[in-house]
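Have a look at the structure below before the remarks.
The values are calculated or read from the model by the stated rules, or taken from the named source; none is laboratory data. The structure presented is a predicted model; accordingly, all values stated were derived computationally and were not measured. All Cβ positions, glycine included, derive from the backbone under ideal geometry; neighbour counts span all protein chains shown. Ligands, DNA and RNA are excluded from the accessible area calculation, which covers all protein heavy atoms including side chains. Shrake-Rupley method; radii C 1.70, N 1.55, O 1.52, S 1.80 Å.
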Amino acid sequence: MPFSEKLLTVPPPLRVAGRHVKRYHVTANPAGIEPEVEQAARAILPELLPEPDGTPPATFVVLHRGGDDGAYLNAYSWVWDNVLHFGGAAAGQPVLGCPDRDPTHFVPSARPWIGCVWELPPIQHERDAWVRHLLTPDVPDLTAYLADSLPAGTTGDRAVGRPG
């Protein structure tokens, strides 16, 4: 089957374990990610977050529903002022250590993988938003950062940075 981009949606931010969490959902299904998968991902999220270190408590997550039974949660948290901490979990994918094919049975992943091609697009946007709202201004603006998300659409075919 040839490669095709997936749909990217941007649900409103949440507050989890004292952190502000911006959210991105990735799926090929126009109906979106099933509510029970989203709830299961939210339940495991605190396990993927770092301890506070004085950096504004902000995280962005990518919840990806695969075309099979798999569901993947990538949590990227800002630490040490300008560094991304990664925590990941998977569900329904035995090859990744999941105990079954249940897409709501998330388990933390020890693999050093930070995301697949469909999960990576938000990273560049979030890097630029962090610089724009937290590192560059004289007074950091976490509220502005939280309001600045990659627009919904697809995971690819974004014009920024594409050669001529």
Matching residues in the stretch 40-59 (open to solvent by 80 Å² or more (accessible area, probe 1.4 Å) and of a type in the set (A, V, I, L, M, F, W, C)) number 0
Filter the stretch 1-24 for residues that are in contact (Cβ under 8 Å) with a residue 24 or more places away in the chain, open to solvent by 20 Å² or more (accessible area, probe 1.4 Å) and part of a strand (DSSP E or B) and give the result.
7, 9, 14, 20, 23
Let me confirm something: among 37, 95, which residue is open to solvent by less than 40 Å² (accessible area, probe 1.4 Å) and either of a type in the set (Lys, Arg) or over 12 Å from the mean Cα position of the chain (by Cα) (or both)?
37
Do you know which of the residues in the stretch 107-119 that are under 21 Å from residue 51 (Cβ atoms) and of a type outside the set (A, V, I, L, M) is surrounded by the most Cβ atoms within 10 Å (Cβ to Cβ)?
109
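Which fully enclosed strands (runs of 3 or more DSSP E) of the stretch 51-164 have 1 or more residues being without any contact (Cβ under 8 Å) to a residue 40 or more places away in the chain and under 21 Å from residue 31 (Cβ atoms)?
71-79
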